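K.L.:
Here you go, one structure.
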Amino acid sequence: MPGTVAMRVGAPGLARTAVWRIALGAGRWRLAALIAVGMLVRLGLILAGWPRSDSDEATMGLMALHIATRGETPLFFYGQVYMGTLQAYLGALLFPIFGVSVLTLRLGLVLLFVLFALAMYALARLLYGETFALLALGLLALGGPDLLKAQLLALGGYPETLLFGALSLLLSVWLAVSPAGDGDGRPRGRRLAAYAGLGMAMGLGWWSDPLVAPFLLAAALPLALFRRRELHWRGLAALALGLLAGLAPQTMFMLTHLDAGGPSAVAAFQPHGVATLAQLPGRLFIQTAGTLFISLPNITGAGWVCSLPVSPRGLFVGWLGAGMLACAGLRLGWSLGLLALGAGATRAAWREMRAAKSPRTGALQAGRLAALLGGALSLALYVSSPQAATPLGNARYLIGLVIALPSVIYPPWAAAVAVGGWRRAWGVGALGLIALALAGGVAATYAQAPEARADAAANQALVRDLERLGVRHMYTDYWTCYKAAFLSGERITCDALGAELGQGNNRYAPYVAAVQADPRAAYVFPDGSPQAAALARKAGDPTWGYALTRLDGYVIYTRQR
């Protein structure tokens, strides 16, 4: 029974479990093996060149390079005023050891996964017991293409959302469940350190990516319900000090860049206005459909089974036909099944919390509710965002759902370990289906590796050919610009231009100044791009003075001598 598990986990001495005795637990070898599986899955993918790199990741690599070689201290992703740079600092530490490369940059993300896995194991063990925690960790070691891409493409924010969201929940639940401290309610030193750690995890999480916000709010629930007295004075002071320390990078940036421009909110948080109130239901319907049919299956591991086209003309365009309808039904069924599991888990935790006969048991159920609440808030924010209406590639904004996954799948586990009957069959079947989807997702991801490897080889070939042509400064599109700069070790710098050859998305101002100061700067654009078409019109003018070369799928205009 859930209450029995809760009572067992909440027995005296609980304060010496969770974080501080993970390495001493009876399942330490199984824990190490499962984490090793997750590491090997991810190391194998990045060694195979997956996922395909792009200029966003190259920007993170350039920040790491500038930290390592120039002593720069970027506090936010270049060109914007949100999303911290922890990945860049990890890359800067690793570059002198393993060399400057995309692979080395991604090694820092594998480290973040290991820390997240440890935090999730400790959280699941605290809430549900060791056996289930190991099962949950085994499932989290796997994943489909969208989930693994969010964990392995160094774009900033997504692995940190998982790590700091899980860590905030872990510390909050531990504080709510473990003995309060002195008889007068004042927390002891270790609890004060835990409060400070909680504040720091929250601050670092918010600095890294605002996507963590639902889980920061959810982490407050166990403390608000079961430790209100302790949050007065010392506990609150320690929490506040930790929060200030975690937010220090963001505070420093705001104080030193009062006139900073660029995006200031993650795209999933940016509202989409409607012309009239009458349009709102239709907008919400499309966003909900995009979430249920596309984004939710993709981020939770079932998206690889079949694909639905997403046309600019509308979400449902091209879905006619038996195959497409079957795929849509499968995806919708997966999403509704997960939502039903989550709703059932929430109802059970709420009832157990209200019926709890001790504060410790009630606090455990509040911890389960907090994990589920964080997932629900993440889903609600995404559904209300315009990103859900154009869902391809946007499933990453639902990355926080991974933190809630163990709480969602606990009811099937509880049924699977029941004495017998249909409930046990249902639990085993549900868990087996989820495990099969996640394991199949890993295989589907590895199947994409040859294409990613070919893309990486093409990028290297372009850089070599540009250097052979003597290109040092170039006007190009954004998706070529920073990728070429990083792969060339900044021997090539760039100014990104838009479709009509006006200024485009330039994240690093010194590059723009260097290119514009060079009268011999080249023009390099993908063949068939709007920029290439605009240049073709210029090339008809005999006074323009540029020679055309076609290489690697690009048109390259270099100044004639």
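The values are calculated or read from the model by the stated rules, or taken from the named source; none is laboratory data. Not measured: the values here are computed from a predicted model. Quick reminder, even Gly has a Cβ in these numbers, built from the backbone with ideal geometry, and neighbours come from all protein chains shown. Ligands, DNA and RNA are stripped out before the accessible areas are found, and what is left, the full protein with its side chains, is counted by its heavy atoms. Shrake-Rupley method; radii C 1.70, N 1.55, O 1.52, S 1.80 Å.
K.L.:
Give the residue from Leu198, Gly344, Met83 lying farthest towards the positive end of the charge dipole for the chain; charges sit on Cβ (+1 for Lys and Arg, -1 for Asp and Glu) and the dipole is referred to the Cα centre.
P.N.:
Value computed over the given set: Gly344.
K.L.:
Using a Förster distance of 41 angstrom, determine the FRET efficiency expected from the C-beta separation of Phe285 and Leu40, and round it to 0.05.
P.N.:
0.45
K.L.:
Let's see if you can work this out: charge +1 on each Lys and Arg Cβ, -1 on each Asp and Glu Cβ, no other charges. What is the dipole magnitude of region 391-545 about its Cα centre, in debye to the nearest 20?
P.N.:
Computed about the Cα centre, the dipole is about 500 debye.
K.L.:
Suppose every Lys and Arg Cβ carries +1 and every Asp and Glu Cβ carries -1, with no other charges. What dipole size does the chain come out with about its Cα centre, to the nearest 20 debye?
P.N.:
It comes to approximately 1780 debye.
K.L.:
Something else about it: Which of rounded, prolate or oblate describes region 111-248 when judged by the alpha-carbon gyration tensor and an a/c cut-off of 1.5?
P.N.:
Note, shape of region 111-248 comes out oblate.
K.L.:
Please figure out what share of the DSSP beta bridges in the chain is antiparallel and state it in percent, rounded to the nearest 5.
P.N.:
65
K.L.:
Output the lone cysteines of the chain: those with no second cysteine's C-beta under 4.7 Å from their C-beta.
P.N.:
Here no cysteine comes out as lacking a disulfide-compatible partner, given the Cβ-Cβ threshold of under 4.7 Å.
K.L.:
Run the dipole for region 17-152 about the Cα centre, Lys and Arg Cβ at +1, Asp and Glu Cβ at -1, nothing else charged, and hand back the magnitude in debye, nearest 20.
P.N.:
420
K.L.:
For region 405-561, what proportion of DSSP beta bridges, expressed in % and rounded to the nearest 5, is antiparallel?
P.N.:
Restricted to region 405-561, the bridges split so that about 60 percent are antiparallel.
K.L.:
Taking Cα pairs under 8 Å and at least six residues apart, what relative contact order does the chain come out at, in percent? The partial results should precede the final answer.
P.N.:
Working: 932 pairs, mean separation 97.3, N = 561.
Relative contact order of the chain: 17 percent.
K.L.:
For Lys538 paired with Arg70, estimate the spin-label separation in nm (one decimal), with each label point 7 Å from Cα along the Cα-to-Cβ line.
P.N.:
Going by the 7 Å Cα→Cβ label model, 2.5 nm.
K.L.:
How far apart, in nm, are the 7 Å Cα→Cβ label points at Ser358 and Leu433?
P.N.:
The modelled label-to-label distance comes out at 3.7 nm.
K.L.:
Assign one of three labels to region 460-561, namely rounded, prolate or oblate, based on the Cα gyration tensor with a ≥ b ≥ c the square roots of its eigenvalues; rounded applies when a/c is under 1.5, prolate when it is not and a/b is larger than b/c, and oblate otherwise.
P.N.:
Values: a/c = 1.38, a/b = 1.24, b/c = 1.11.
Rounded shape, in that the Cα axes give a/c under 1.5.
K.L.:
Scale the Cα Rg of region 499-538 by the rule-of-thumb value 2.2 N^0.38 Å and send over the ratio, two decimals. Before the final figure, lay out each step's value.
P.N.:
On the way: Rg = 11.2 Å, N = 40, 2.2 N^0.38 = 8.9 Å.
That ratio works out to 1.26.
K.L.:
Another question, if that's okay. Expressed as a whole percentage, what fraction of the accessible surface of the chain belongs to carbon and sulfur atoms when a 1.4 Å probe is rolled over the protein heavy atoms?
P.N.:
66
K.L.:
Please identify every one of the GluC sites (Glu not before Pro) in region 421-526 that sits in a loop by DSSP and has no more than 10 other beta carbons within 10 Å of its own beta carbon. It would help to have the intermediate numbers written out before the result.
P.N.:
Numbers: sites: Glu451, Glu467, Glu490, Glu500; in loops: Glu490, Glu500.
Those that pass, being in a loop and sparsely packed, are Glu500.
K.L.:
Find the accessible area per residue for the chain; the probe is 1.4 Å, ligands and nucleic acids are left out, and the unit is Å². Please report the intermediate quantities before stating the final value.
P.N.:
Values: 23980 Å² over 561 residues.
For the chain, the solvent-accessible area averages 43 Å² per residue.
K.L.:
Assign one of three labels to the chain, namely rounded, prolate or oblate, based on the Cα gyration tensor with a ≥ b ≥ c the square roots of its eigenvalues; rounded applies when a/c is under 1.5, prolate when it is not and a/b is larger than b/c, and oblate otherwise.
P.N.:
Prolate, since a/c reaches 1.5 and a/b exceeds b/c.
K.L.:
Assuming R0 = 51 Å, can you tell me the calculated FRET efficiency for the pair Trp422 and Asp527, based on Cβ-Cβ distance, to the nearest 0.05?
P.N.:
0.25
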